[in-house]
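A short write-up of the structure that comes next.
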Amino acid sequence: MILRLIIFAIIAIVIYRFLGGRIAFLDRKREFQDRDSDNDFTKVAPTSECAECGTYMTEDDAIIYHKKSYCSNECLEKAQKRIR
């Protein structure tokens with residue numbers, strides 16, 4: 001009886017390894033986690049407001065000048081003219 005269980009376990013392990021360590025109905029949760037981690041829609045980029053016109057843009061697109069962020073060179077130039 002124990003010998004049969006051991007043989008069954010060895011066969012199950014060999015089949016599991018043959019399938020690449022993945023069994024569809026057991027690894028479904030992992031599959032969804034992998035798919036969600038690749039999704040860019042779940043990531044939110046930090047935003048900032050333009051000091052001149054109030055437009056929101058991502059911090060990667062912002063132009064930083066004197067610790068203020070601007071959406072474009074035109075807004076930066078307007079702010080510089082207003083200061084002078």
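Exactly one residue out of 45, 9 is part of a loop (DSSP other than H, G, I, E, B), surrounded by 10 or more Cβ atoms within 10 Å (Cβ to Cβ), among the small types (Gly, Ala, Ser) and at pLDDT 60 or above, and it is 45.
A Cβ distance below 7 Å, combined with a sequence gap of six or more or placement on separate chains, defines the contacts here; from segment 57-68, residues that are among the basic types (Lys, Arg) reach residues that are surrounded by 11 or more Cβ atoms within 10 Å (Cβ to Cβ) in the pairs 68/51.
The values are calculated or read from the model by the stated rules, or taken from the named source; none is laboratory data. What you see is a predicted model; the values in this text were computed from it and never measured. Ideal geometry is used to build each Cβ from the backbone, glycine not excepted, and the neighbour counts take in all protein chains shown.
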